[in-house]
Amino acid sequence: MTASRRRGACPGLSAPLPTGDGLLARLRPVAPVPPAALAGLAAAARRHGNGVIEVTARGSVQVRGLTAATVPPFAAAVAGLGIAVEEGVAVIAGFDAAAAALAAAVREAIAAARLTLSPKLCVAVDGGGALHLDGVFADVRLRAAAGHGRFHVGIAVKGSDAVAWLGTAAAHDAPAAVVAIMTMIAARGPRARAADAAARDGVAAAGAAAGLDPSPPPSPRRPADIVGLHAIADGTASLGVALAFGYTVSGALAEIASRAGCCGVAAVRAAPPRALLFTGAPAPGLRELAAAAESLGFVTDAADPRRAIAACPGAPSCASGLIPARRIAAELAPLLPAAASGVLVHVSGCAKGCAHPYPAVLTLTGHVHGCAVVHGGTAAGVPHHIADPGCLGGEVTAAVTGAVAPRPTEDAHG
């Protein structure tokens, strides 16, 4: 595997990633965009790529099938649409104005520090609303402390999906606290993550370096699900729809963007995990939009069994893929129970496991002799046996009957 194709590379517009269907560019919009801009992005993806568009677990947009010749005009099209994107450390804002403003300040502070950091690092800035970011993996997490104008600060630790909460900072001090933690991470090397710094220096050292005030950790919250209709305090609503297996095509995206504009949607956000959030419209219009989205193949029901299966593009779209993972996933999804808790089945084109780097009840990994069947493990796990990729229904039915899926933190990649 070449360095440019290694798992963990971040293929931004400045450095697209070579893969099986051309170059892949990842965009991280820093703010929601108008429906017309989303439609324009879909058209640019078709004009300059192959029209396949993905939304990742962290809410990034990926455009596939670009070439060396089409990357510059595609980048120009994105800029012309007014879509501002970030590269480097991902800073994911929550779903309210306070989180968006603080996330912008954190981005500026990290950029000004000019540290050498892994592009896989992620900061989640959560305003504390019901639609929160607890299910998104983040190296550093900011969460609003109720009623105090302050934010809890936490970091990821090795061997656990739990957050080590370090203390609190006033909102205006939080960007500097994040930079202090990033400085600790940078000292561990250009590929280091927060868990590496915590393991080496200790969680307490991270809190001290960030200058945080001691405080009890925030209380656990109920899981939030972006799929569905959500009321907003200003009397409007928002609608979350997921992309089946994380992808759609330019025609469907352009059509849903056009329908959104007709329904009065003010803005659209690519959001974790692998979803689109339409905001600023009356609830009746969004119900019409949900019906349109369902007809276009988007996931509009939180209990849709397609949400219980994770799949990468696989062959031939990915140069590393040994099986057509998404096609197999689509065939297997009807066998899965509705309203499953988390990912039950993971179909991976190869042992890298990009779509879901966590254990699943059943993982099916591309192998030179077929499909490696892994029970309760990851794509890189030791297989129980090798199966025919065309005869996996029995494997799925046997594995998920009576199984309770683990619900890990969402994919840290993308």
query: Which members of the range 303-312 meet the condition of being in a helix (DSSP H, G or I) and in contact (Cβ under 8 Å) with a residue 60 or more places away in the chain?
result: Arg306, Arg307, Ala308
field: Matching residues, the range 25-54, being in contact with a helix residue (DSSP H, G or I) (Cβ under 6 Å, 6 or more places away or on another chain) and of a type in the set (Val, Ile, Thr)
entry: Ile53
Residues within the range 12-28 that are touching a residue at least 24 places away in the same chain (Cβ under 8 Å) and touching a Leu at 6+ places or on another chain (Cβ under 9 Å), tallied: 10
message: Can you tell me how many residues within the range 223-234 are among the small types (Gly, Ala, Ser), in contact (Cβ under 8 Å) with a residue 12 or more places away in the chain and surrounded by fewer than 14 Cβ atoms within 10 Å (Cβ to Cβ)?
response: 1
task: List every residue pair whose Cβ atoms sit under 8 Å apart, with the two residues 6 or more apart in sequence or on different chains, where the first one lies in the range 196-214 and is free of Cβ contacts under 8 Å to residues at least 40 places away in the same chain and over 11 Å from Ile181 (Cβ atoms) and the second, anywhere, is among the charged types (D, E, K, R) and in a helix (DSSP H, G or I).
output: none
message: It is to be established whether one or more residues within the range 54-74 are free of Cβ contacts under 8 Å to residues at least 12 places away in the same chain, out of contact with any Phe, Trp or Tyr (no Cβ under 6 Å at 6 or more places or on another chain) and surrounded by fewer than 21 Cβ atoms within 10 Å (Cβ to Cβ).
response: yes
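For the subset of the range 199-255 comprising residues that are part of a strand (DSSP E or B), of a type in the set (A, V, I, L, M) and within 19 Å of the chain's Cα centre (by Cα), which member is nearest to Lys158 (Cα to Cα)?
Ranking the candidates gives Ala242 first.
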- prompt: Taking Gly65, is it assigned to a strand (DSSP E or B) and not basic (Lys, Arg)?
  reply: yes
- request: Please verify whether the range 321-337 includes one or more residues that are basic (Lys, Arg), within 15 Å of Gly366 (Cα to Cα) and in contact (Cβ under 8 Å) with a residue 40 or more places away in the chain.
  value: yes
query: Does any residue of the range 139-155 turn out to be more than 29 Å from Leu41 (Cβ to Cβ), surrounded by fewer than 18 Cβ atoms within 10 Å (Cβ to Cβ), in contact (Cβ under 8 Å) with a residue 40 or more places away in the chain and of a type in the set (Lys, Arg)?
result: no
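Determine, yes or no, whether Gly127 is crowded, with 19+ Cβ neighbours inside 10 Å and at positive phi.
no
None of the figures in this text is laboratory data; all of them are computed from the coordinates on show. Since we're looking at a predicted model, the values are computed, not measured. Virtual Cβ from ideal backbone geometry, glycine too; neighbours counted across all protein chains shown.
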